[in-house]
Amino acid sequence: MVPDDEGGGLMRADLLTAGIEGLDEALAAVDAFDGVLVAGLLRPQAAQAAALAELADAVAGSPLAARVAEAADKAAAGAAGEDHLVALAAARAALLGSVHDALTARVTEAVGRPAAEDPPAPGAGDAGHAANLLSAARSWLSDLARAGWRGLDHELVAGAAPVVSAMLPDPALRRQATLLDGFAAELAASCPGAALERVPVRRWADLWSRALLLTVPGAAGGPATATATGRLLPLGVDLREHATAVQAQVHAVFEPADGGTPRLVRAGVSAPKPDTVVGAGLWQLLRPHMSLLAAVSEGRAMDLDAMPVTAEGDLVWDDARARAGEPADALVTARVALPAATAAPVAPLDRHPARIAVPVLLEGYEAEQDDTGLAFRIAGHRLAVDADRVPAAGPLTADAVAASAACVALLRWDAGEFRVQPLAVERLVRKKPVAVHAGAWAGGTTDKAGVRAEKAATDAVAVLRERAGKLLRT
């Protein structure tokens, strides 16, 4: 909740727990199609044909209707070509896009902030010289769909390797190559598919359909880019960790120097990592690439000068175009600047419910813990807290969240409900409000636990460098 006297209106928690018409039906059609990909389309069974018909019926009122109906018939007969599979992937993406739009509209209504404008069409780009590579990628993805996840084997998955190798040197194809490379590596680690105890049905269908649509010439055209000059007010850091990579995404409010409407933006930085570097040590890998992390840690704004920014609100960070500004507390920013900030538009291929991450301020709630986990009770309505997303690389803990009186969080949609991911909280310590931030250690820390974790990471990196040096000398 954002109190009226703090510059915003009350967040309608009831809207976040109420049902949305047509949502379940759209997701059911997606789930049905995803099930088709498990067994594959080489020899479709009656249940798969019914699922394909369900997907076609779900988009019957859209411009895709005729092409998807034809594709569903061909696929049910085991005769689907590449164009038919692209049409099916497009129908799936359209349904998830409609779910994304319905959920986003509900969030906009609940928080009472300005709605995002439609994004400009992406640049078409010049994909003519790469048509053969895109076609090769599409052929491999089509073979995957025919074999199905249960039909995976190393020979089939290895077919992606030459395509990825040919794509990677071309910057215009780097996006597709990275997606194909990661997808193929994940599939290879799961071979043979027939022996899998559990198939990640939704995830692999997401990766497959997105990769297939990105093989359509022009689909991956670069986003429109402008420049941003003004003040950047950080709200918090979303840290994402993988065994071999780490990414920090800073969510912030940008106030243009010309007095224009404030808007929500993001700035991200990624780095490869060894699996021995965990916890607070992750920041050591990220700091050299983005000075914004130090500003977040110190609770400061940043002054930007012609910083490149995409139409979707992603800052293309350049340290040379930013300098540290005046102190700016994230909770104050959330109370004063966030209510008037316009949301960034979402590119067509990015319209997916899993990508929803809306910064919100919550106050006036009661934390409660039960068998299902931590939750906030707001005006009688239960809003789940995704405590598992709180990184270990900072002082914010589930206990601090449970004892908080105010919370800056990302509102997400997961497992059929809205959930909040805390970025920073305010709690009372000796009757005084104290803020605790997930990204408090991003720029360095004197906290004892943080110092120990940093030292352990430094030692681990030193050992790895020494071993790498020995290997290179032998």
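Here are some notes:
- Scope the stretch 141-162; condition in contact (Cβ under 8 Å) with a residue 40 or more places away in the chain and closer than 25 Å to Arg92 by Cα; matching residues: Leu141, Ser142, Leu144, Ala145, Arg146, Ala147, Gly148, Trp149, Arg150, Gly151, Leu152
- All conditions in (1) crowded, with 22+ Cβ neighbours inside 10 Å; (2) assigned to a helix (DSSP H, G or I) hold for Ala80, with the sole exception of (2).
- Per the listing Ala194, Ala145, Ala158, the residue uniquely at pLDDT below 95 and over 14 Å from Val216 (Cα atoms) is Ala194.
- Ser165, sole failed condition from (1) surrounded by fewer than 17 Cβ atoms within 10 Å (Cβ to Cβ); (2) without any contact (Cβ under 8 Å) to a residue 40 or more places away in the chain; (3) in contact with a helix residue (DSSP H, G or I) (Cβ under 6 Å, 6 or more places away or on another chain): (3)
- In the stretch 390-408, residue nearest to Arg351 (Cα to Cα) [restricted to those that are in contact (Cβ under 8 Å) with a residue 60 or more places away in the chain and surrounded by 19 or more Cβ atoms within 10 Å (Cβ to Cβ)]: Val408
- Neighbours by Cβ (under 6 Å, 6+ apart or cross-chain): first from the stretch 187-205, assigned by TED's automatic domain parsing to the domain that holds Glu155; second assigned to a helix (DSSP H, G or I) and exposed (fewer than 14 other Cβ atoms within 10 Å of the Cβ): Cys191/His154
- Residue in the stretch 214-225 that is of a type in the set (Val, Ile, Thr), closer than 25 Å to Ala340 by Cβ and at pLDDT 95 or above present: no
- Answer residue from the stretch 151-201, given it is among the polar types (S, T, N, Q) and assigned to a helix (DSSP H, G or I) and is farthest from Val38 (Cα to Cα) among those: Ser165
- Here is the figure for the stretch 287-308: residues that are at negative phi and either at pLDDT below 90 or over 21 Å from the mean Cα position of the chain (by Cα) (or both) total 15.
- Entry remark, the stretch 445-454: residues being buried (at least 18 other Cβ atoms within 10 Å of the Cβ) and either within 18 Å of Ala387 (Cβ to Cβ) or small (Gly, Ala, Ser) (or both) number 2 in total.
- Among the residues of the stretch 310-361, those identified as farther than 30 Å from Arg92 by Cα, surrounded by 17 or more Cβ atoms within 10 Å (Cβ to Cβ) and of a type in the set (Lys, Arg) are Arg321, Arg335.
- Top-ranked residue in the stretch 246-267 [being part of a loop (DSSP other than H, G, I, E, B) and touching a strand residue (DSSP E or B) at 6+ places or on another chain (Cβ under 6 Å); ranked as farthest from Arg452 (Cα to Cα)]: Thr261
- Take the conditions (1) touching a helix residue (DSSP H, G or I) at 6+ places or on another chain (Cβ under 9 Å); (2) modelled with pLDDT of 95 or more; (3) among the aliphatic types (A, V, I, L, M); (4) more than 27 Å from Ala75 (Cβ to Cβ); Ala257 misses just one of them, which is (1).
- Residues that are in a helix (DSSP H, G or I) and free of Cβ contacts under 8 Å to residues at least 12 places away in the same chain, drawn from the stretch 53-72: Ala65, Ala66
- Among (1) modelled with pLDDT under 95; (2) more than 22 Å from Arg43 (Cα to Cα); (3) more than 19 Å from the chain's Cα centre (by Cα) - the single one Gly182 does not satisfy: (3)
The values are calculated or read from the model by the stated rules, or taken from the named source; none is laboratory data. All of these numbers come straight from a predicted model, not from anything done at the bench. Positions of Cβ are generated from backbone atoms using ideal geometry, with glycine treated the same way; all protein chains shown enter the neighbour counts.
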